[in-house]
Amino acid sequence: MTRKIAWESIEHTDSLKKIVAITYTNKAADEIKERIESLGIDGKNIWVGTIHQFCLEFIIYPSKMNLPIVSKGFVIIDDYTQLAYLNQIIDELNFQIQYPNKIDLTLSLEFEINEKNIRKSLKSIMKN
């Protein structure tokens with residue numbers, strides 16, 4: 001895929017259009033960017049990112065003034081940032097979270113999770 005992107009970039013150097021490569025993960029996007037750079041390709045007409053980044057950059061940002069719900073601003077955070085914020089809040093508020101040593105998630109023959117065990121485990125977490 002990287003070589004196809006590179007070839008298209010070289011073939012259409014005068015085009016004002018962008019070559020877009022959409023991935024599912026940041027890791028995959030970074031890998032494609034690194035490979036393109038290692039080939040010595042000028043990436044000015046290449047855009048590589050996740051589907052979420054694509055939606056933000058090409059759909060939401062350009063039309064945000066026309067959408068009342070986002071016209072005053074918005075912030076989108078990923079799972080990693082969310083976890084970092086959560087850990088920061090826990091540290092600042094001195095919360096002590098204790099997790100049970102073992103949660104019994106037994107499965108029946110029909111591969112259904114035993115809800116009774118999950119509820120007991122969740123109750124013990126909530127008490128602490």
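Values computed for the structure shown
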{"read-out": "Largest to smallest accessible area among F54, F95 [probe 1.4 Å]", "value": "F95, F54"}
{"read-out": "Environment charge of G43, counting only residues whose C-beta is closer than 9 Å and scoring Lys/Arg +1, Asp/Glu -1", "value": "0"}
{"read-out": "Exceeding the 28 Å Cα-Cα cut-off - candidates K4/K64; K18/K64; K44/K72; K17/K64", "value": "K4/K64; K44/K72"}
{"read-out": "Pairwise Cα inverse-distance average, inverted: Kirkwood Rh of region 16-99 (Å)", "value": "15.9 Å"}
{"read-out": "Three semi-axes of the equivalent ellipsoid, region 1-64, Cα gyration tensor, whole Å, largest first", "value": "21, 16, 8"}
{"read-out": "Pair S15, V75: separation of 7 Å Cα→Cβ label points (nm)", "value": "3.8 nm"}
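The values are calculated or read from the model by the stated rules, or taken from the named source; none is laboratory data. These figures come from a predicted structure and were not determined experimentally. Using ideal geometry, Cβ is built from the backbone for each residue, glycine included, and neighbour counts are taken over all protein chains shown. Accessible surface areas use protein heavy atoms only, side chains included; no ligands, DNA or RNA. Shrake-Rupley method; radii C 1.70, N 1.55, O 1.52, S 1.80 Å.
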